[in-house]
Amino acid sequence: MHKQPTTMSEADAFIRECAPWADSHRRFLSDLLAIPPLFQEPLSNHTTMRVGGPAEALVTVADIMELRTLMEYIETRRLRHFVLGKGGNTLFTSRGFCGIVIRLGRTFDACDIHENKVSAGGALSLPSLARQTAAQGLTGLEFACGIPGLVGGSLVGNAGTGSESLSDHLVFIDLLDRKNEIRRLTREEVGFSYRHSNLTAVSSVVLRAHFRLRQSHPQATRQRISSLTEYRGETQPLKFPSAGCIFKNPVPRKNGDSPRSAGALIEGAGMKGVTVGGAEVSRIHANFIVNRGHATSDDVQELIRQVHARVRERFGVSLELEVRIVEA
Ligand SMILES: Cc1cc2nc3c(=O)[nH]c(=O)nc-3n(C[C@H](O)[C@H](O)[C@H](O)COP(=O)(O)OP(=O)(O)OC[C@H]3O[C@@H](n4cnc5c(N)ncnc54)[C@H](O)[C@@H]3O)c2cc1C
């Protein structure tokens, strides 16, 4: 696990590691992008956990032309890059990211609804998608109202609840593939499972998703959103920054028995309320780690390590991470 540079020599070594990041890259980004790129931008400003060191560059692409030009530049020079949504399932280290973090701009957040067909941009927020479809009396995506992610990142992790996930009503996805071509893939071609998709293998960027929902009544769909929002407010620690559930729930056993949830295992291992620095295992929901205000990514990662070790020691279960830790 990396630590933030604390001495001059550590800082020098960090800068040397990033040395190939030439001024020419900065100039290229500044010339290309309509929205000025941010250099050495703290990633704590762009993740829901509010931790993470600086990105060499954080850029917001205004449209598909900019995105394709940028991806071509990145590919030709083999630069490291990371496409970021709301940062709700992503944990950058305290050293940040030695490359380009890419966000999709406003032209990617449209939501078009025709009868029961919904086309949602990769940068549309899930709560907005849930509210807009519910307002039309369309049912199927109400569960997404409390998930603070964007459509692209949420499809990559197949976000959802215990009983529903974003891929359930998905028909196809438009994406920019690794050859910088726009492709359309059906849900089956992508391949989804519990909190997982094969998208990272085929895609560089999710541009748009197309869903088919069922017609219901606006009063019923709005009511469902209200009760789900109320339930989340009672069962999740929403007053502090977090990344939602840290671990995936163990998969059902072959004999059909449901194993204990990750939260129940963590609570059973006595980890509720345990802290490392400013990071705390939530007292409300044990599968959440909250940032009490001054946590670093190192704190969060150390706490994750301790929780994982204690659950394995106590129950013999090796929990799988739901959040993605991104190497600097
Ligand atoms: C209070 C709270 C509650 C939560 N509740 C839930 C819940 O109920 N269910 C749940 O599943 N999650 C939950 N989460 C976690 C998180 O919000 C979701 O997983 C969310 O869907 C992640 O989306 P994102 O845009 O933040 O993804 P990010 O974290 O930004 O990205 C996730 C992954 O997708 C990739 N990516 C992002 N955008 C694109 C794109 N356009 N194209 C290609 N790749 C891309 C990234 O590179 C990364 O690998 C919760 C989080 C919080 C803070």
Which ones in the stretch 157-200 are more than 23 Å from ALA243 (Cβ to Cβ), among the hydrophobic types (A, V, I, L, M, F, W, C) and assigned to a helix (DSSP H, G or I)? VAL190
Return the pair list, or none, for Cβ contacts closer than 6 Å from residues in the stretch 16-27 that are closer than 17 Å to THR76 by Cβ and surrounded by 10 or more Cβ atoms within 10 Å (Cβ to Cβ) to residues that are modelled with pLDDT of 85 or more and charged (D, E, K, R), at least 6 apart or on different chains. TRP21/GLU56
If you check every pair at least six apart or on different chains, which have Cβ atoms under 6 Å apart with a residue in the stretch 164-177 that is at pLDDT 95 or above first and a residue that is more than 10 Å from the ligand (Cβ to nearest atom) and among the hydroxyl-bearing types (Ser, Thr, Tyr) second? PHE172/THR186
Is it true that some residue in the stretch 235-254 is free of Cβ contacts under 8 Å to residues at least 60 places away in the same chain, farther than 30 Å from ARG283 by Cβ, part of a loop (DSSP other than H, G, I, E, B) and outside the structural domain of HIS114 (by TED's automatic domain parsing)? yes
Cβ pairs under 8 Å, 6+ apart or interchain, first in the stretch 67-90 and closer than 21 Å to GLU41 by Cα, second at pLDDT 95 or above and among the acidic types (Asp, Glu), ordered by first then second residue, are ASN89/GLU322
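Quick grid of which residues meet (1) closer than 17 Å to MET49 by Cβ; (2) among the acidic types (Asp, Glu); (3) at pLDDT below 95:
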{"site": "GLN236", "(1), (2), (3)": "yes, no, no"}
{"site": "ILE246", "(1), (2), (3)": "yes, no, no"}
{"site": "LEU265", "(1), (2), (3)": "no, no, no"}
{"site": "ALA269", "(1), (2), (3)": "no, no, no"}
{"site": "ALA279", "(1), (2), (3)": "yes, no, no"}
{"site": "THR296", "(1), (2), (3)": "yes, no, no"}
{"site": "VAL307", "(1), (2), (3)": "yes, no, no"}
{"site": "SER318", "(1), (2), (3)": "no, no, no"}
{"site": "GLU327", "(1), (2), (3)": "yes, yes, yes"}
Would you please name the residue that is nearest to the ligand (Cβ to nearest atom), looking only at residues in the stretch 227-261 that are closer than 20 Å to GLU320 by Cβ and among the β-branched types (Val, Ile, Thr)? ILE246
Of all residues in the stretch 131-157 being buried (at least 24 other Cβ atoms within 10 Å of the Cβ) and away from the ligand (no atom under 11 Å from the Cβ), which is nearest to VAL83 (Cα to Cα)? LEU141
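The values are calculated or read from the model by the stated rules, or taken from the named source; none is laboratory data. What you see is a predicted model, and the numbers here were worked out from it, not measured in a lab. Don't worry about glycine lacking a Cβ; one is built from the backbone with ideal geometry, like all the others, and counts go over all protein chains shown.
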